[in-house]
Amino acid sequence: MEMHNIIGDVRALDGALVVAPARGDDTPELAWGDAFFYFAPDGRMPEHTQPYGTIITKNYPDDSSSGLDTPGRFRVNIHVGGERVAQLVDTTAQPSDADVFVRHPLYGDAGWISVVNPAERTAAAVLALLGDAHHAARARAARRKR
């Protein structure tokens, strides 16, 4: 599964906003090439809301355990909630293992999972979980609006 396929599927969700920082925009260079997924039906990045999913393409200063500085590697991160983390992750896997769900190296305790280079074992689940995370973000936005 390629990054652009995942981004395209998320963009197709009603009210989805994909923020893809790139050279020349107002984002920090560190984020260039990554993607951040929000529920934002107005098309504007929410100011006080975290994304429900991300794709990162490189190691960050405090997060290098996935080995993303190797060309062709990327990691999908999805907020699934604390209860679902335990159901989804392979506790014997390392953060750098490909095509297997692990606790997010930094935010696993906050209900996030990760998968490096989703493929045969995880691709369908990645798309389904991103859909679930999008719907949960929509529900949170509706509650805030009330």
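The values are calculated or read from the model by the stated rules, or taken from the named source; none is laboratory data. Here the structure is a predicted model, which means the values were calculated and not measured. Backbone-built Cβ (ideal geometry, glycine too); neighbour counts: all protein chains shown. Ligands, DNA and RNA are stripped out before the accessible areas are found, and what is left, the full protein with its side chains, is counted by its heavy atoms. Shrake-Rupley method; radii C 1.70, N 1.55, O 1.52, S 1.80 Å.
Residue check: is A136 modelled with pLDDT of 95 or more, surrounded by fewer than 21 Cβ atoms within 10 Å (Cβ to Cβ) and either over 20 Å from V18 (Cα atoms) or basic (K, R) (or both)? Please lay out each step first, then the result.
Working: modelled with pLDDT of 95 or more: yes; surrounded by fewer than 21 Cβ atoms within 10 Å (Cβ to Cβ): yes; either over 20 Å from V18 (Cα atoms) or basic (K, R) (or both): no.
Considered against the rule, which asks whether it is modelled with pLDDT of 95 or more, surrounded by fewer than 21 Cβ atoms within 10 Å (Cβ to Cβ) and either over 20 Å from V18 (Cα atoms) or basic (K, R) (or both), A136 comes out as no.
Whether any residue in region 22-34 is of a type in the set (D, E, K, R), under 12 Å from the mean Cα position of the chain (by Cα) and within 29 Å of R144 (Cβ to Cβ) is what I want to check. If you could, list the steps in order and put the result at the bottom.
Quick first cut of region 22-34, residues of a type in the set (D, E, K, R) only: 23, 25-26, 29, 34.
Add one more test, that the residue is under 12 Å from the mean Cα position of the chain (by Cα), and what stays is 34.
Among the residues that remain, those that are also within 29 Å of R144 (Cβ to Cβ) are: 34.
Yes, that holds for at least one residue.
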**Study point:** Selection count where residues are out of contact with any helix residue (DSSP H, G or I) (no Cβ under 7 Å at 6 or more places or on another chain), surrounded by fewer than 19 Cβ atoms within 10 Å (Cβ to Cβ), over 21 Å from D63 (Cβ atoms) and not charged (D, E, K, R), scope region 1-21
**Key:** 4
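Regarding F74, is this residue touching a strand residue (DSSP E or B) at 6+ places or on another chain (Cβ under 7 Å) and under 20 Å from A139 (Cβ atoms)?
Values: touching a strand residue (DSSP E or B) at 6+ places or on another chain (Cβ under 7 Å): yes; under 20 Å from A139 (Cβ atoms): no.
The answer is no for F74.
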Exercise for review: Any residue in region 103-120 that's farther than 18 Å from D62 by Cα and of a type in the set (D, E, K, R): show its pairings with residues that are open to solvent by 60 Å² or more (accessible area, probe 1.4 Å) and in a loop (DSSP other than H, G, I, E, B) at Cβ separation under 9 Å, as long as the two are six or more apart or on different chains.
Suggested key: E120/M1
Practice item. Determine, yes or no, whether A142 is among the small types (G, A, S), over 21 Å from L17 (Cβ atoms), out of contact with any strand residue (DSSP E or B) (no Cβ under 9 Å at 6 or more places or on another chain) and in a helix (DSSP H, G or I). Key: no
